[in-house]
């Protein structure tokens, strides 16, 4: 028994109603779709099979970085009838699936976080350290500097308990960094993780301000 997409999307905004939503609302809707699909697996008392899992995994990955179109595409593919299944696309560059429970990965995606700091080696990723004292002007200046970096991905590393997404100037900050990379992530991290993170990706931080 496969997954039922029509059952999973029941009562959700679709079409024009979905497109009119802001990105955080779209992410919440698609996250609920995945929750329902994972719940359906539980009802069927089984795990995702060898066809469904890579599709659900990739969809959850793209949801976590705000690419809701890809997330919907993979959910749709995962729900195809067994007679109509297509080969799993091999063009995506995503972190290796290390077998974590899909429900755990979805929890990270809903919060806009990854479970680890592994990024594709052939893509350019920069981190930007953000504390409560980091001003809007400093962040916008850093976004301008990164226009010359040709970055594939920017990760705003918000040092807990500060969450840059809760700032009044978040909209301006998000727009500035969205314009200089293909993907933008926000991760709220404890102070103690910073040394490990800076060993993993290049982190931009202005002296004396961060």
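So how do 32-43, 158-169 stack up, highest first, on mean other-Cβ count within 10 Å?
Working: 32-43: 16.9, 158-169: 15.3.
Peptide ranking by packing, descending: 32-43, 158-169.
Per q in 0.13, 0.18, 0.25 Å⁻¹, report the Debye log10 I(q)/I(0) for the range 125-204, using one uniform scatterer on each alpha carbon and no solvent.
The calculated log intensity ratios at q = 0.13, 0.18, 0.25 Å⁻¹ are -0.34, -0.67, -1.30.
Expected output is a single nm value to one decimal: the length gained when fully extending between residue 200 and residue 165, i.e. 0.36 nm times separation in residues minus the C-alpha distance. What is it?
Once the chain is fully extended between residue 200 and residue 165, it gains 10.3 nm.
Binning at 5 Å from 0, report for the chain what percent of all alpha-carbon pair distances ends up in each bin.
1, 6, 15, 17, 18, 15, 11, 8, 5, 2, 1, 0, 0
When the helices in the chain are scored as -39500 (n - 2.57) per DSSP H run of 4 or longer and the sum is shared across all residues, what 222 nm value do you end up with, to the nearest 500 deg cm²/dmol?
-12500 deg cm²/dmol
Starting from the Cα of residue 14, step 7 Å along the direction of its Cβ; do the same at residue 172; then give the gap between the two resulting points in nm.
Here the answer is 4.1 nm between the modelled labels.
How far apart, in nanometres, would the label points at residue 49 and residue 136 be if each is projected 7 angstrom from Cα along the Cα-to-Cβ direction?
Taking the simple label geometry, residue 49 and residue 136 are separated by 5.3 nm.
Which peptide among 4-12, 50-58 comes first, and what is the full order, when sorted by highest mean count of other Cβ atoms within 10 Å?
50-58, 4-12
So what's the gap between the Cα centers of the range 1-41 and the range 128-180, to the nearest angstrom?
Between the Cα centres of the range 1-41 and the range 128-180 lies a distance of 29 Å.
Estimate the FRET efficiency between residue 28 and residue 150 by the formula 1/(1 + (r/R0)^6), using the beta-carbon distance for r and 35 Å for R0, to the nearest 0.05.
Numbers: r = 32 Å, r/R0 = 0.91.
The computed FRET efficiency comes out at 0.65.
Subtract the Cα-Cα distance of residue 82 and residue 97 from 0.36 nm times their separation in residues, and report this length gain in nm to one decimal.
Details: separation 15, 0.36 × 15 = 5.40 nm, distance 2.27 nm.
Here the answer is 3.1 nm.
Hey, what angle do you get for helix 136-146 against the long axis of the chain, alpha-carbon based, 0 to 90 degrees rounded to 10?
Approximately 80 degrees, to the nearest ten.
Can you tell me the FRET efficiency between residue 193 and residue 1 if r is taken as the Cβ-Cβ distance and R0 is 45 Å, rounded to the nearest 0.05? Write out the running numbers ahead of the final one.
Working: r = 42 Å, r/R0 = 0.93.
E between residue 193 and residue 1, to the nearest 0.05, is 0.60.
Express the C-alpha Rg of the range 1-82 as a ratio against the empirical globular expectation 2.2 N^0.38 Å, rounded to two decimals. Walk me through the intermediate numbers first.
Working: Rg = 12.2 Å, N = 82, 2.2 N^0.38 = 11.7 Å.
The reported ratio for this selection is 1.04.
Quick one: angle between helix 68-78 and the longest Cα principal axis of the chain, in degrees between 0 and 90, rounded to 10, please.
For helix 68-78, the angle is close to 30 degrees.
No value in this document is a laboratory result; all are computed from the given coordinates. Values in this document were obtained by computation on a predicted structure and should not be read as measured data. Methodologically, a virtual Cβ is constructed for each residue, glycine included, from the backbone with ideal geometry; neighbour enumeration extends over all protein chains shown.
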